[in-house]
1. Consider SER148 against the criteria (1) touching a residue at least 40 places away in the same chain (Cβ under 8 Å); (2) within 25 Å of HIS242 (Cα to Cα); (3) open to solvent by 10 Å² or more (accessible area, probe 1.4 Å); (4) of a type in the set (S, T, N, Q): it satisfies all of them except one. Which criterion is unmet?
2. Would a scan of segment 59-68 turn up a residue that is part of a loop (DSSP other than H, G, I, E, B), open to solvent by 20 Å² or more (accessible area, probe 1.4 Å) and under 19 Å from TRP237 (Cβ atoms)?
3. Which is closer than 23 Å to MET236 by Cβ and within 14 Å of the ligand (Cβ to nearest atom), of VAL310, VAL290?
4. Looking at GLY157, GLY141, GLY133 in this structure, which one is within 16 Å of the ligand (Cβ to nearest atom), at pLDDT below 95 and within 22 Å of ASP296 (Cβ to Cβ)?
5. Looking at (1) in contact with a Pro (Cβ under 9 Å, 6 or more places away or on another chain); (2) within 16 Å of the ligand (Cβ to nearest atom); (3) open to solvent by 30 Å² or more (accessible area, probe 1.4 Å); (4) not hydroxyl-bearing (Ser, Thr, Tyr), which is the only condition ARG275 fails?
6. How many residues, within segment 69-86, are at pLDDT 95 or above, within 15 Å of the ligand (Cβ to nearest atom) and either part of a helix (DSSP H, G or I) or among the small types (Gly, Ala, Ser) (or both)?
7. So PRO287 passes all but one of these: (1) modelled with pLDDT of 95 or more; (2) loosely packed, with under 13 Cβ neighbours inside 10 Å. Which condition number does it fail?
8. Testing THR252 on (1) in a helix (DSSP H, G or I); (2) buried (at least 21 other Cβ atoms within 10 Å of the Cβ), one condition comes back false. Which one is that?
Amino acid sequence: MNETRRALITGITGQDGGHLTELLHEKGYEVFGLIRGQRNARKEALEAEFPYVNIIEADLTDQTSLIQAMLTSQPHEVYNLGAISHVGYSFRNPQLTADITAKGVLNLLEAVRVTGMADTARVYQASTSEMFGGLDYNRPGAGYNEESLFHPRSPYGVAKLYAHWIARNYRESYGMFVATGILFNHEGERRGLEFVTRKITNAVAAIHLGQQDHVTLGDLWPKRDWGYAGDYVRGMWQMLQHDQPDDFVLATGETHSIEEFLTLAFGQVGIDDWRPYVKQDPEFMRPAEVDILLGDPSKAERVLGWRREVDFPGLVKRMVDHDIALLSGRAQPRVAER
Ligand code: GDP
């Protein structure tokens, strides 16, 4: 009989960590998850939602704890999803973002290397479309692909660019299997409330149920290539099954403004004109904005056979439906929502 496959996930309490845990468990993996900090508030929720996960206490800024995590889990696959991942937060906490989102990746790669596990453990690094920055000169008409220029516009994007290159460097320097996924925004019912899509669908549900009368947002013109997170974690897994480590863009190939998202989300509850329900406040605007993101996923489609299954209207609908169920007490919050 084949040995059970073991996967180690950093950032297991986040949105993608939840989707990936479900996927790997369905595929028969033994799943190990890193949890950070003393009395992490999400630990209990994680145990309740995924009782089969082996929890390891470790921190991306603590090399020794990562080495210990490698020795304990002896993983075949390592998914590095742990990061300070919110652009707005990264402007307010740039050093912490660098320590975790950038240097944390180096710590993790070193843990794989010095424990001698580089021959058996394949590593996935969560890169991001925020590395592109959305500037005109930098934007090919058909969308960003793996060859496009980087020009990050936030401490988060800059930290992720270091992470991306150190991941590639370990692949080239030590022959390690390190794949990077340059993922465009991906959303869903596990998305944290600090991201604009979930903030909107949560507010739409609350307004529909009479629990709230408006939502306060920042700029509404930026455009994003928004996909469904469940589709994207399948792509991560496919990257580690491929015969060689590589870099892949995952995106939908469509871009929509926040105004379009608002129109579809409010439309779900029968509200045609969302303007009376939306206020704006500079608090939610950024020192530097990424105007438009559009990705070209053709390499992942061609090489990995990756396909997204949920389209833009389908994404908005499932998020609004979930939030109505949640706020009317018919559903439980997931780990990442707490
Ligand atoms: P990002 O693309 O990784 O920064 O994902 P977000 O969901 O945080 O933001 C997407 C876009 O929505 C950005 O252009 C934000 O400036 C814009 N935005 C407008 N209002 C808000 C808001 O209230 N919260 C957040 N998070 N973003 C907002």
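The values are calculated or read from the model by the stated rules, or taken from the named source; none is laboratory data. Note that the coordinates shown come from a computational prediction; the quantities given were computed from them, not determined experimentally. Because the Cβ atoms are built from the backbone with ideal geometry, glycine has one as well, and the counts that use them run over all protein chains shown. Side chains are part of the model used for accessible areas, which takes the heavy atoms of the whole protein and leaves out ligands, DNA and RNA. Shrake-Rupley method; radii C 1.70, N 1.55, O 1.52, S 1.80 Å.
1. If we test SER148 against (1) touching a residue at least 40 places away in the same chain (Cβ under 8 Å); (2) within 25 Å of HIS242 (Cα to Cα); (3) open to solvent by 10 Å² or more (accessible area, probe 1.4 Å); (4) of a type in the set (S, T, N, Q), just (1) comes out false.
2. No: segment 59-68 contains no residue that is part of a loop (DSSP other than H, G, I, E, B), open to solvent by 20 Å² or more (accessible area, probe 1.4 Å) and under 19 Å from TRP237 (Cβ atoms).
3. Unique residue meeting the criteria: VAL290.
4. GLY133
5. (1)
6. So the answer is 1.
7. Of the numbered conditions (1) modelled with pLDDT of 95 or more; (2) loosely packed, with under 13 Cβ neighbours inside 10 Å, the odd one out for PRO287 is (1).
8. Answer for THR252: the failing condition is (1).
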